[in-house]
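Each reported figure results from applying straightforward, stated rules to the coordinates on display, with no laboratory input. Remember, predicted model here, so these are calculated numbers, not experimental data. Every residue, glycine as well, gets a Cβ built from its backbone with ideal geometry; the counts of neighbours run over all protein chains shown.
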Amino acid sequence: MKYVSKLFVILFITLAVSCGDDDTITNPPDDNIENPDNPDDPNNQDPDPDDPDDGGGDDPDDGEVPDLDPMTSPVVLAYFPSWSENYVTSEQNSKLREIPSYVNYVFLSFAKPNLTYVKGSYDISQTGIEVPYDGCTLVESVDALKNKGIRVILSIGGETYWNAPDTYNINYQQIKDLVDDMGFAGIDWDYEPDGSFAGIGNPENVQHFIDFFNNSRAIMPKEKYILACAPAGVGAIGGQLNNDPSSPYSYENRNTITGENDTNLYNGSASTNGINLYGFTSTGHMIPVIEAVGNKIDLIAYQGYNTGGSQNRTIMYDAYAHYAKTYGFKIAAGTHFPNEPWGPYYTYTHENVADLADHITNHPDRQGELDGVMIWQLLLSSGSSSSYSYLNVASRVLNGSSKSSAISNANNYDLATYSGGGKDCSGEEGGGKHCGIPDYKENQTYANPNTKVYHEGKIWQNKWYANPGEIPGQNEVWEFVENCDEE
């Protein structure tokens with residue numbers, strides 16, 4: 001996902017050569033990023049992006065998707081890397097399925113922006129999602145989490161998937177079909193053009209970001225789908241490329257807000273009170289996006305990491321909060337389990353995560369708005385701490401515990417082992433089993449070779465990709481493994 005702009009590091013080296021020992025320069029650096037050749041293709045768009053209705057356009061499938069239940073507790077959000085999930089079948093526990101309910105939002109990462117998906121096929125092989133099992137099994141995993149009150153949101157893009165030449169040929173209807181079939185609560189636009197944030201603030205990429213929300217919201221109405229994004233932490237702070245003079249966190253107010261002069265404005269690795277947050281080319285990139293489509297965004301989970309040596313990490317939250325009170329979106333302040341890939345010039349700990357959660361809880365404009373904390377990514381750990389313990393601290397503080405109590409109870413949590421009950425793509429709870437093998441489902445795709453199924457007293461496994469309706473014993477894709485006499 002995530003990883004900050006190697007271009008920014010290169011930029012510092014270039015500046016060091018051209019400016020000698022003086023870290024202060026008078027003009028913002030030009031990233032000179034090449035953008036993909038393919039703009040958002042209007043032929044892919046079913047909706048009217050200019051429709052002022054937040055709920056989006058009329059979709060004949062809307063009636064099949066239930067309204068979202070209201071959330072009643074602050075956001076505690078984790079990215080879950082799909083490639084780290086373990087292979088399971090129905091009713092078996094896994095890393096994804098055992099997430100405890102204090103983590104109430106999960107961003108499943110990552111899907112391709114230009115994914116292809118056929119509604120009703122449950123074939124996720126062309127979506128970019130990297131779980132080691134098929135779509136029907138993923139449906140059960142998502143439903144297992146939904147049964148705990150956890151909202152699973154499909155994260156689109158990340159660091160890798162924005163590099164392909166045809167990335168911007170996005171079929172929004174196929175994304176919606178995938179979300180509906182898998183049971184996701186919505187989508188997260190994790191937009192890192194060319195794999196970083198270095199060029200995200202240029203006009204073309206700002207327009208891409210706006211288009212993502214216009215086009216997806218038009219067919220994914222607010223009452224039924226969450227639209228989220230994971231922009232740069234500095235995205236709502238005023239920069240030289242994108243700025244809002246009316247904001248308390250405008251570029252003009254940088255010295256007042258930080259109490260610092262501009263000596264380290266472009267020295268990203270310097271330990272500061274935040275002045276260098278104003279010096280990135282990504283600084284302010286979300287301002288024009290929020291002004292254009294802020295009322296179509298439900299959740300901004302900003303990446304408050306890989307932002308250099310600033311020790312003041314609350315400025316980023318405060319800048320987004322300034323816009324949230326106008327546009328109504330929730331905020332999750334992004335943290336990173338150590339070490340941050342760039343540097344590291346800052347390390348999140350139980351203590352400063354507690355401080356951040358306390359700052360969010362007591363923000364004068366955001367009390368009761370259920371803002372919270374995000375972490376990249378859930379499965380990281382070291383010694384006596386982990387992403388789980390970081391989020392446990394955050395959850396406790398956000399829900400009223402003192403910082404000291406939350407920190408002392410950081411590891412006082414249990415994973416929620418899954419033993420069944422989630423519905424798969426057939427609508428059955430966990431699906432049936434015989435001799436420990438899932439029953440064959442005629443409407444299911446079996447994309448992974450050597451997947452075993454039970455059918456009519458026998459165990460079969462597929463030799464290659466099996467389409468729906470290719471029934472064991474009637475189609476050569478399946479080979480007999482053994483008899484199963486279990487009733």
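Say the dipole of the chain comes from +1 at the beta carbon of Lys and Arg and -1 at that of Asp and Glu; which of Ser155, Gly469, Ala357 then lies farthest toward its positive end?
Of the listed residues, the answer is Ala357.
How high is the FRET efficiency between Ser125 and Asn255 when r is their beta carbon distance and R₀ equals 56 Å, given to the nearest 0.05?
Working from the Cβ atoms, E equals 0.60.
If you take every residue apart from Glu140 with its C-beta less than 15 Å away from the C-beta of Glu140, what net charge results, scoring Lys and Arg +1 and Asp and Glu -1? Intermediate results must be reported in sequence, preceding the final value.
On the way: positive: Lys95, Arg97, Lys146, Lys148, Lys423, Lys433, Lys441; negative: Glu85, Glu91, Glu98, Asp134, Asp143, Asp181, Asp424, Glu428, Glu429, Asp439.
Local net charge: -3.
Residues with amide H under 5 Å of Val481's amide H, sequence separation 5 or more or different chain, H placed in the peptide plane at 1.01 Å from N; which?
Distant-sequence amide H within range of Val481: Ile459, Trp460, Gln461.
Expressed in nm to one decimal, what extension gain is obtained for the pair Asn399 and Thr349 from 0.36 nm per residue of sequence separation less their Cα-Cα distance?
Here the answer is 16.1 nm.
Given points 7 Å out from each Cα along the Cα-Cβ axis, report the Asn412 to Met71 separation in nanometres with one decimal.
Spacing of the two 7 Å Cα→Cβ label points: 2.5 nm.
List the residues, sorted by chain then number, that are 5 or more residues from Ile331 or on another chain and whose placed amide H is less than 5 Å from its amide H.
Counting only residues 5 or more places away or on other chains, the set is Ile300, Asp371, Gly372.
Taking +1 at the Cβ of each Lys and Arg and -1 at the Cβ of each Asp and Glu, which of Ser141, Val481, Thr307 sits farthest along the dipole of the chain towards its positive end, judged by Cα position relative to the Cα centre?
Going by the Cα projections, it comes out as Thr307.
Using the beta-carbon distance between Ser84 and Asn163 and R0 = 22 Å, what value does 1/(1 + (r/R0)^6) give for FRET efficiency, to the nearest 0.05?
My answer for the efficiency is 0.55.
To the nearest 0.05, how large is the calculated FRET efficiency for Lys433 and Gln367 if R₀ is 56 Å and r is the Cβ-Cβ distance?
Efficiency computed from Cβ-Cβ geometry: 0.70.
Give, as a single signed number, the net charge of other residues whose beta carbon lies under 14 Å from the beta carbon of Ala185, with Lys and Arg counted +1 and Asp and Glu -1.
My count for the surroundings of Ala185 gives -1.
Taking K and R as +1 and D and E as -1, what net charge do the other residues with C-beta under 11 Å from the C-beta of Val477 add up to?
Charge balance near Val477 sits at -2.
In whole Hz, with x marking every Gly and Pro, tabulate ³J(HN,Hα) for the stretch 87-93 from phi via Karplus 6.51 cos²θ - 1.76 cosθ + 1.60, θ = phi - 60°.
My calculation for the stretch 87-93 gives 5, 9, 10, 5, 6, 9, 6 Hz in order.
For the stretch 446-461 and the stretch 243-276, what is the centre-to-centre distance using only Cα atoms, to the nearest Å?
Their Cα centres are 61 Å away from one another.
Can you work out ³J(HN,Hα) from phi for every residue in the stretch 291-296, in order, using Karplus 6.51 cos²θ - 1.76 cosθ + 1.60 and θ = phi - 60°, giving whole Hz and x for Gly and Pro?
5, 8, 9, x, 6, 9
Considering Cα pairs under 8 angstrom that are at least six residues apart, work out the relative contact order of the stretch 364-466 and quote it in whole percent.
Result for the stretch 364-466 is 13 percent.
In the structure shown, do any of Lys222/Lys441; Lys119/Lys146; Lys95/Lys222; Lys119/Lys330 have a Cα-Cα gap over 27 Å, and if so which?
On the way: Lys222/Lys441 33 Å; Lys119/Lys146 21 Å; Lys95/Lys222 30 Å; Lys119/Lys330 30 Å.
The answer is Lys222/Lys441; Lys95/Lys222; Lys119/Lys330.
Scan around Ser385 for amide H atoms under 5 Å from its own, H built in the peptide plane at 1.01 Å from N, and keep only partners 5 or more places away or cross-chain.
Here nothing satisfies the definition.
Can you order the peptides 293-304, 240-251 by their average number of other Cβ atoms within 10 Å per residue, highest first?
Highest mean packing first, the order is 293-304, 240-251.
Dipole of the chain, Cα-centred, from +1 at each Lys and Arg C-beta and -1 at each Asp and Glu C-beta, to the nearest 20 debye? Walk me through the numbers before you get to the answer.
Details: 27 positive and 70 negative charges, 337 e Å.
For the chain, the charge dipole is close to 1620 debye.
Taking 0.36 nm per residue of sequence separation and subtracting the Cα-Cα distance, how much length would be gained by fully extending the chain between Asn443 and Glu98, in nm to one decimal?
Working: separation 345, 0.36 × 345 = 124.20 nm, distance 2.72 nm.
Here the answer is 121.5 nm.
Which part of the stretch 431-463 falls in the paramagnetic zone of Glu476, meaning amide N under 14 Å from the point 7 Å along Cα-to-beta-carbon?
463
Only Lys, Arg, Asp and Glu count, each charged at its Cβ (+1, +1, -1, -1), so figure out the dipole size of the stretch 433-483 about its Cα centre, rounded to 20 debye.
In debye, rounded to 20, the stretch 433-483 gives about 160.
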